[in-house]
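Chemist: Take this structure first; my questions come after.
None of the figures in this text is laboratory data; all of them are computed from the coordinates on show. This one's a predicted model, so the numbers in the text were calculated from it and none came from an experiment. Every residue, glycine among them, receives a Cβ derived from its backbone with ideal geometry; neighbour counts consider all protein chains shown.
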Amino acid sequence: MAKKHKTANSSKFLIFIVVLLVLVGLFFIHFIKGNENANYAEKKIRTNISTIATFDYSKVTTIEAQIKKLEAAENRGTFDVDKTLTKDQYRKIFSTSAILGDSITEGLVDYGWLGGEQVFCKIGASIINGEDLFTSAANTYPGFAFFAFGTNDMGNYNGNADNFIAKYRSLLEDFKAVSPDTIILINGISPPTKEAMEANSSLKNYKKFNNALKKMCKEMDFTYIDNTYIIEEHPEFYAADGIHVTQDYYPYWMNNMILKAGL
């Protein structure tokens with residue numbers, strides 16, 4: 001039995017080495033083509049070596065799927081998230097997508113970045129009262145669906161992330177039942193300001209809720225989108241209440257969604 005276990009581990013190690021060589025070769029090809037500078041290429045190699053160390057090597061098909069997913073991320077990794085496109089360009093890119101959320105999401109329409117046919121939102125929307133948004137969006141059979149809920153839910157659920165996720169999961173399952181081919185992406189909750197959290201203690205749960213969202217995405221094989229860096233790097237994007245954002249936030253947010261979806 002010990003010998004069999006040792007053989008299995010040896011096979012996994014050999015597969016790991018092969019995958020490692022393939023990925024390193026891939027990144028150096030990108031480097032030679034001039035798609036990345038030296039520092040960026042080196043950083044990407046280190047990052048992805050760490051990523052493949054977490055791969056599941058139990059099945060060849062599983063390994064292949066993980067490689068394809070990593071390659072897809074690498075292929076869209078040169079997208080400039082700091083470049084603002086025109087409103088027409090954003091509308092075209094998201095033409096086959098649906099974006100669902102609350103009043104923060106509503107800013108995409110209010111500021112004219114996207115059209116109302118692409119965005120399903122309402123002020124105060126949450127998982128508790130947003131079932132109609134899920135139903136309406138699912139019935140458009142979008143290629144991609146981006147969800148942005150949680151800010152209001154932290155208060156509605158009194159900080160109970162488990163109940164929040166249970167309801168969220170149920171609505172997402174219903175969405176997929178209607179539109180099974182839609183690719184699902186879940187936006188995390190952007191950090192409120194310190195002042196906003198002092199004024200509303202429920203907002204202090206944003207990290208706990210984001211961790212719960214990450215876990216849900218992993219279990220349901222959805223993509224989690226972390227937008228935290230945007231507001232951390234650009235605190236000037238905060239609106240006066242420390243929760244909502246100015247119109248300058250939205251190109252960064254859309255760019256991050258484009259990047260993560262590979263649109």
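Chemist: Give me the extension gain from GLN89 to LYS218: residue separation times 0.36 nm, minus the current Cα-Cα distance, reported in nm with one decimal.
Modeler: Working it through step by step, the gained length comes to 43.3 nm.
Chemist: From the cross-link list LYS194/LYS218; LYS167/LYS204; LYS83/LYS260; LYS92/LYS208; LYS92/LYS207, which pairs have alpha carbons spaced over 25 Å apart? Provide the component values of the computation, followed by the final result.
Modeler: Values: LYS194/LYS218 29 Å; LYS167/LYS204 21 Å; LYS83/LYS260 15 Å; LYS92/LYS208 35 Å; LYS92/LYS207 33 Å.
Check vs 25 Å cut-off fails for LYS194/LYS218; LYS92/LYS208; LYS92/LYS207.
Chemist: Please give the net charge around ASP226, taking every other residue with its beta carbon less than 12 angstrom from that of ASP226, where Lys and Arg add +1 and Asp and Glu add -1.
Modeler: +2
Chemist: Hey, can you rank 253-260, 114-121 by average C-beta count inside 10 Å, highest first?
Modeler: The peptides rank, most packed first, as 253-260, 114-121.
Chemist: Test of understanding: what is the full-extension gain from THR246 to ILE183, defined as 0.36 nm times their sequence separation minus their Cα-Cα distance? Each step should come with its number before you reach the end.
Modeler: Working: separation 63, 0.36 × 63 = 22.68 nm, distance 2.81 nm.
Here the segment from THR246 to ILE183 would lengthen by 19.9 nm.
Chemist: Moving on to the next point. Between SER170 and ASN200, with labels modelled 7 Å along Cα→Cβ, what's the label distance in nm to one decimal, could you check?
Modeler: So the two model labels end up 2.4 nm from each other.
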